[in-house]
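Enquirer: Take a look at this one; I'll ask things after.
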Amino acid sequence: MTATKLSSTHHFNVIQLRIDLWNQLRTQLQFYQKEENKDIDSESNKSVSEILDDLAVIEQYYSFPGKKRVVKLQEFLKNEEFYTASARVNEIVRQLVSESYRSNPRLIKDDSEDENSGNESSYQKRKSGNKNHFEVLFLDNLSRQEETAMRSKMAELSEDDEHLSYDVVVQRSFQDALIALLLNYNIQAVVIRYAPPYASNNIESLLKPFLGYIHDLDFSTFSEEDLGPILGKIIKQFRPELDIYYVTDTALLQLKDSTVKNFRRIFYRKDDIQELHLAILRGIRERYKTPFFTALKEYSQKPVGVFHAMPISRGNSVFKSRWIRDFGQFYGRNLCLAETSSTTGGLDSLLQPTGSLKEAQMMASKAYGSKCTFFVTNGTSTSNKIVQQALVEPGDLVLIDRDCHKSHHYGLVLAGALPVYLDSYPIEKYSMYGAVPLEEIKHTLLELKKAGRLDKVKMLLLTNCTFDGLVYNVERVMEEVLAIKPDIIFLWDEAWFAFAGFTYTYKQRTGMFVANKLYQKYQSKGYREKYNNHIESLSDGELPSIPDPDKVKIRVYSTQSTHKTLSSFRQGSMIHIWDEEYRRLVSDSFQEAYMTHTSTSPNYQILASMDAGRRQVQFEGYEMVEKSIELAMSIRAKIHDHPLLHKYFRVLTVRDFIPDQYRKSGLDEYYTDDHGWNRMEDAWEHDEFVLDPTKITLAVGLSGIDGDTFKNEYLMDQYNIQINKTSRNSILFMTSIGTTRGSVAYLVNTLLQIAEKLDEEYPALNKKETEILQKRIKSLMEDVPPLPDFSWFHSSFQAVPGVPGGDIRQAYFLSYKSDNCEYIPLKECLNVIEGGRELVSTTFVIPYPPGFPVLVPGQVISKEIIKFLLALDVKEIHGYRPELGLKVFTEKILNYQEEIPARAERMSGEKA
């Protein structure tokens with residue numbers, strides 16, 4: 001049996017390649033054990049050797065199985081000890097797949113530690129039982145003897161009763177250390193010792209496709225003394241959750257401030273290694289803390305007498321009941337024990353935290369890279385309203401993408417700000433909108449500047465990423481907008497993007513990361529020189545394209561639905577703030593807005609879940625996000641490669657979502673037949689828009705089934721599969737840190753079963769039924785209604801005639817009086833418009849899908865909007881009652897509204 005050589009280009013990441021290589025090795029060795037295969041041909045033996053050579057390249061970056069075990073297996077192979085090798089490989093694969101070695105390190109029998117002079121390995125020394133096991137990366141050009149001695153010392157320092165355990169991964173060059181950080185998810189701390197050499201001797205063609213940014217970095221011209229501090233700085237950007245320690249001989253007074261701030265602690269060669277060991281454990285314990293969750297657990301175990309609100313507290317009203325005892329049995333006693341109105345006894349007040357909640361929010365701020373973070377228990381709908389009410393006043397202009405979440409529109413009504421709606425580019429074939437092009441934003445700003453209204457612009461509000469997975473180039477948007485309006489506030493709605501801050505490719509497009517990056521950039525001398533040179537190069541009348549460092553202010557807010565993509569109970573949301581002016585200008589108004597929208601009885605379980613979820617992302621975020629991306633890519637590849645699935649279903653590609661002019665990288669799709677996986681790093685660094693691969697849009701129109709029917713009658717009713725959203729001819733899946741390989745396999749198998757049923761049913765149709773099916777498919781895939789842009793505000797509700805910006809608050813409350821409104825049946829609207837009457841909406845009209853307002857209060861109803869609504873075949877349209885029609889303002893009230901400014905002007909003239 002000759003194994004097929006695995007190609008790295010057909011694996012999305014090294015983790016896939018690594019597991020496949022171990023599985024292939026296991027299969028080969030099992031083949032050798034069979035009686036009839038005792039005479040092993042040299043070709044098969046060569047293939048096993050090649051697999052082991054590839055594994056040796058990969059395993060040098062892990063403590064388990066590690067390169068030593070691979071070398072041991074190579075010795076078994078050389079000696080033809082196939083039974084022994086097979087048994088060892090079986091055990092390794094079992095441990096890797098189950099990941100049991102990460103919670104109980106003593107399970108691992110380390111036969112490659114013989115050279116440790118009788119010392120027990122760091123694994124064997126620990127008692128059995130669950131432990132939080134991690135790895136520490138040591139960067140030092142050690143000899144093998146020095147490495148053995150160092151491992152032995154570290155093992156001697158470990159305590160049996162400690163719930164933390166670790167093993168050491170030694171790398172001997174700058175490049176190898178970065179590769180280990182990229183590949184090894186289990187690394188939780190880094191020790192950089194002395195002056196490491198730069199170049200790796202281990203980079204093979206096998207790994208190059210996966211190295212991304214690391215392969216592009218070049219610090220080969222720097223001295224070895226500089227490489228340690230440089231690596232510390234890179235790690236702070238690449239994996240900021242890690243604790244970094246520096247061992248040096250450089251005198252303290254000679255260490256630069258920029259060096260010191262990148263390391264948790266600096267040691268010297270003469271320091272006892274015990275101090276380093278204790279520092280590593282202390283760093284892990286500090287991250288492990290969950291102040292509020294721990295306080296709630298401890299409170300729940302106290303014997304408390306309750307003479308306050310909440311009879312359910314302690315469970316007395318539930319477990320003593322004869323009628324709702326099943327409720328208590330379902331949720332368990334701990335839920336009731338943790339239900340309380342108390343804000344003392346170790347607990348805290350969300351409205352004015354001073355203890356455990358304050359500390360939990362501070363730890364979340366550090367984890368998410370903000371200056372400050374606030375927990376919200378009413379979902380991101382409330383977070384959005386809090387931010388808007390805190391920052392904008394009546395009359396302020398807010399540039400906002402029209403197809404954003406409805407909470408933003410309602411927030412503008414409450415705040416009295418004037419929206420300037422920005423149109424996203426349409427994806428008409430699939431009845432979706434994309435995102436707002438940067439040119440559209442800049443054009444609108446310059447139009448407002450020309451009209452003398454730029455000073456009224458307060459905020460730019462964009463959804464990142466969109467429901468369907470479109471992600472902005474946040475850095476480019478902010479830089480070019482700040483060049484026009486240097487004090488503008490950015491509100492990035494990252495409801496579906498909370499996970500993005502925990503892997504480098506994604507975090508480059510998050511509000512908090514970019515805010516910090518631009519702040520550092522604009523403070524630098526280099527940028528000031530660049531700006532001055534740029535100004536000198538401008539011709540007369542030409543506007544600067546980069547911000548003025550003396551005027552620019554970094555003011556960024558991100559709202560995230562923690563519960564959507566990370567571990568949190570439903571409605572868990574966070575507001576992250578990176579605002580230079582927060583303390584001086586915003587803190588008081590923010591506190592008032594927070595008080596306005598926050599319950600005085602917040603749900604403690606939601607708060608505790610956000611606290612625990614923060615701990616999780618600081619330890620596992622990088623790993624879990626990378627795995628969720630890997631699973632999404634696996635779904636894409638499987639559907640693409642399977643001929644029957646591809647016959648009825650198609651995963652929409654990057655090209656389907658993003659027009660060519662917004663993709664300078666030229667990336668059309670993440671996976672192709674010819675090249676396997678295309679690397680996404682270049683596109684995510686440079687393109688105006690990218691597609692989040694964890695949002696998987698499946699076109700189902702070729703099956704003749706619309707998206708809503710496919711979701712409800714097929715996936716949910718028949719297979720109990722819950723999906724995210726639908727469009728007229730598509731459905732949206734998403735993978736998250738909670739997605740498992742088993743659920744992915746179930747999804748693919750379900751789609752295959754549906755495709756097989758269709759493949760049996762459709763050939764059996766008679767001629768007429770086939771014609772109906774083909775018409776249905778044509779209707780779904782070709783006869784799609786054109787998506788309308790935002791029309792305009794009626795002159796009665798325009799802030800300034802002919803200038804972008806409308807008063808939806810005035811229109812919203814004007815509709816409260818029934819005499820100001822009337823209903824017109826939808827089918828009659830076109831005739832009314834063609835008869836010369838302007839129809840003006842009184843309400844938000846929101847079809848599901850697509851799930852955003854096609855009409856807002858005060859907006860003129862265009863023919864295109866009516867045609868779109870008539871063509872829709874969705875069951876749910878909020879703000880529209882089919883039996884009555886569209887609710888519009890009467891002509892009388894519109895005429896009256898138009899007269900108000902003229903009458904006020906006449907009265908002003910008469911007084912003069």
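The values are calculated or read from the model by the stated rules, or taken from the named source; none is laboratory data. Predicted model only: the values in this text are computed from it and were never measured. In this analysis, Cβ positions are derived from the backbone assuming ideal geometry, glycine residues included, and neighbour counts consider all displayed protein chains. Surface accessibility is based on the protein's heavy atoms, side chains included, excluding ligands, DNA and RNA. Shrake-Rupley method; radii C 1.70, N 1.55, O 1.52, S 1.80 Å.
Enquirer: Does the stretch 78-85 contain at least one residue that is crowded, with 21+ Cβ neighbours inside 10 Å, modelled with pLDDT under 90 and under 20 Å from F31 (Cβ atoms)?
Expert: Taking every residue of the stretch 78-85 in turn, at least one turns out to be crowded, with 21+ Cβ neighbours inside 10 Å, modelled with pLDDT under 90 and under 20 Å from F31 (Cβ atoms).
Enquirer: Let me ask something else. Could you give every pair whose Cβ atoms fall below 7 Å, whose first residue belongs to the stretch 648-661 and is farther than 13 Å from T697 by Cα, and whose second residue is in a helix (DSSP H, G or I) and open to solvent by 40 Å² or more (accessible area, probe 1.4 Å), counting only separations of at least 6 or pairs across chains?
Expert: As it stands, the answer is Y648/L702, since those pairs meet every condition given.
Enquirer: Against the condition open to solvent by less than 20 Å² (accessible area, probe 1.4 Å), over 28 Å from Y506 (Cα atoms) and hydrophobic (A, V, I, L, M, F, W, C), how does F710 come out, does it pass?
Expert: yes
Enquirer: Same structure, new question: Out of all the residues in the stretch 849-868, which are open to solvent by 10 Å² or more (accessible area, probe 1.4 Å), closer than 27 Å to T463 by Cβ and part of a helix (DSSP H, G or I)?
Expert: Within the stretch 849-868, E864, K867 meet the criteria.
Enquirer: Now for a separate question. What number goes with the only condition from (1) of a type outside the set (K, R); (2) closer than 23 Å to V376 by Cα; (3) without any contact (Cβ under 8 Å) to a residue 40 or more places away in the chain that L607 does not pass?
Expert: (3)
Enquirer: Taking the options N186, N201, name whichever one is in contact (Cβ under 8 Å) with a residue 12 or more places away in the chain, over 21 Å from R287 (Cα atoms) and of a type in the set (S, T, N, Q).
Expert: Result of the check over N186, N201: N201.
Enquirer: Quick test for you: out of T740, T735, pick the one residue that is crowded, with 21+ Cβ neighbours inside 10 Å, more than 27 Å from F868 (Cβ to Cβ) and either out of contact with any strand residue (DSSP E or B) (no Cβ under 7 Å at 6 or more places or on another chain) or without any contact (Cβ under 8 Å) to a residue 60 or more places away in the chain (or both).
Expert: T735
Enquirer: Taking into account only those residues within the stretch 583-618 that are hydrophobic (A, V, I, L, M, F, W, C) and either open to solvent by 40 Å² or more (accessible area, probe 1.4 Å) or in contact with a Cys (Cβ under 9 Å, 6 or more places away or on another chain) (or both), which is farthest from R314 (Cα to Cα)?
Expert: Residue satisfying both the conditions and the ranking: L585.
Enquirer: Using the structure shown, decide if I846 is of a type in the set (A, V, I, L, M), assigned to a strand (DSSP E or B), open to solvent by less than 70 Å² (accessible area, probe 1.4 Å) and farther than 30 Å from D455 by Cα.
Expert: Criteria met by I846.
Enquirer: Does D226 fit the bill of being acidic (D, E), on the phi < 0 side of the Ramachandran plot and modelled with pLDDT under 80?
Expert: no
Enquirer: State which residue is nearest to T598 (Cα to Cα) when the search covers only the stretch 356-381 and only residues that are part of a strand (DSSP E or B) and β-branched (V, I, T).
Expert: So, considering only residues that are part of a strand (DSSP E or B) and β-branched (V, I, T), the one nearest to T598 (Cα to Cα) is V376.
Enquirer: Right, here's the next one. Only one of S98, S112, S63 is within 21 Å of L183 (Cβ to Cβ) and either touching a strand residue (DSSP E or B) at 6+ places or on another chain (Cβ under 9 Å) or modelled with pLDDT of 90 or more (or both); which?
Expert: Within the list S98, S112, S63, the selection yields S63.
Enquirer: Find the helices (runs of 4 or more DSSP H) located wholly in the stretch 761-834 whose residues include 2 or more that are open to solvent by 50 Å² or more (accessible area, probe 1.4 Å) and within 23 Å of R402 (Cα to Cα), and list them.
Expert: 808-814
Enquirer: While we're on this one: Given the residues S122, S173, S200, which is the only one that is on the phi < 0 side of the Ramachandran plot, in contact with a Ser or Thr (Cβ under 8 Å, 6 or more places away or on another chain) and modelled with pLDDT of 90 or more?
Expert: S173
Enquirer: Let me ask something additional. Looking at the stretch 201-230, which of the residues that are within 26 Å of F502 (Cβ to Cβ) and either among the small types (G, A, S) or touching a strand residue (DSSP E or B) at 6+ places or on another chain (Cβ under 6 Å) (or both) is least open to solvent (accessible area, probe 1.4 Å)?
Expert: G228
Enquirer: Go through the stretch 444-475 and give me each residue that's within 19 Å of the chain's Cα centre (by Cα) and either assigned to a loop (DSSP other than H, G, I, E, B) or of a type in the set (K, R) (or both).
Expert: N464, C465, T466, F467, D468, G469, N473
Enquirer: Confirm whether S42 is surrounded by fewer than 16 Cβ atoms within 10 Å (Cβ to Cβ), of a type in the set (G, A, S) and at pLDDT below 90.
Expert: yes
Enquirer: Residues being assigned to a loop (DSSP other than H, G, I, E, B) and charged (D, E, K, R): count how many of those fall in the stretch 869-890.
Expert: Count: 3.
Enquirer: Could you figure out which of (1) over 30 Å from N678 (Cα atoms); (2) of a type in the set (A, V, I, L, M, F, W, C); (3) at pLDDT below 90; (4) crowded, with 19+ Cβ neighbours inside 10 Å isn't true of L73?
Expert: With respect to (1) over 30 Å from N678 (Cα atoms); (2) of a type in the set (A, V, I, L, M, F, W, C); (3) at pLDDT below 90; (4) crowded, with 19+ Cβ neighbours inside 10 Å, L73 is out only on (3).
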